[in-house]
Amino acid sequence: MAAAPARKDNLVLIGMPGAGKSTVGVLLAKATGRDFLDTDVLIQAREGRSLQQLLDTLGRDAFIRLESRHLTALDARHTVIATGGSAVYGAGAMQRLAAGGRVVYLRLALEILERRIRNMGTRGIVKQPDQTLAEIFRQRSPLYQQWAEITIDGDGMTADQVVDAVLAALDEPQN
């Protein structure tokens, strides 16, 4: 296993699919002068297939193990890391991410997520067959809360407002 990063200077965004982790992550990286990494994009690039193709081929449990391996192997520094919504299923991966950065949970109400996510079957969401977004929300919410150092309630907020809320919670000046 790779050694944990020496400094805790990453910002690790967790939350449900549709919570805005990638959108907020890019803006947060710009605001703080950090690099940006979307772990879903990283996994797709390294595996040569879309998340949905990986899920269809591997199945839920094998995909979670694959995602965990990729996250545990990350060696990012001074980076905003937007994780996949299922990252919290891998305790070892989350320990590694938390060791190298502050974990920020972008929380949105289920009703907002349901309006945003229209493509449950093709988006690459880790779920059991026929599992609803509401069921995933109930299953994952305690895990997000468990790993979060900071929680931002984004209901009714724009991406820029969420970034401002994260920066205020971090007490970190913008560049």
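Nothing in this text is a laboratory measurement; each read-out follows from the coordinates by a stated rule. If you're wondering where the values come from, they're calculated on a predicted model, not measured in any experiment. Cβ coordinates were reconstructed from backbone atoms using ideal geometry, including for glycine residues, and neighbour counts include every protein chain displayed.
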### Summary
Of the residues in region 7-40, those that are under 12 Å from the mean Cα position of the chain (by Cα) and part of a helix (DSSP H, G or I) number 7
### Query
In region 61-80, how many are surrounded by fewer than 16 Cβ atoms within 10 Å (Cβ to Cβ) and either farther than 27 Å from residue 31 by Cβ or β-branched (Val, Ile, Thr) (or both)?
5
### Task
Could you please let me know if residue 51 is touching an Asp or Glu at 6+ places or on another chain (Cβ under 8 Å) and under 17 Å from residue 121 (Cβ atoms)?
yes
### Summary
Restricting attention to region 97-111, the residues that are touching a residue at least 60 places away in the same chain (Cβ under 8 Å), out of contact with any helix residue (DSSP H, G or I) (no Cβ under 9 Å at 6 or more places or on another chain) and in a helix (DSSP H, G or I) number exactly 2
### Query
Across region 26-41, what is the number of residues that are closer than 17 Å to residue 86 by Cα, without any contact (Cβ under 8 Å) to a residue 60 or more places away in the chain and crowded, with 18+ Cβ neighbours inside 10 Å?
3
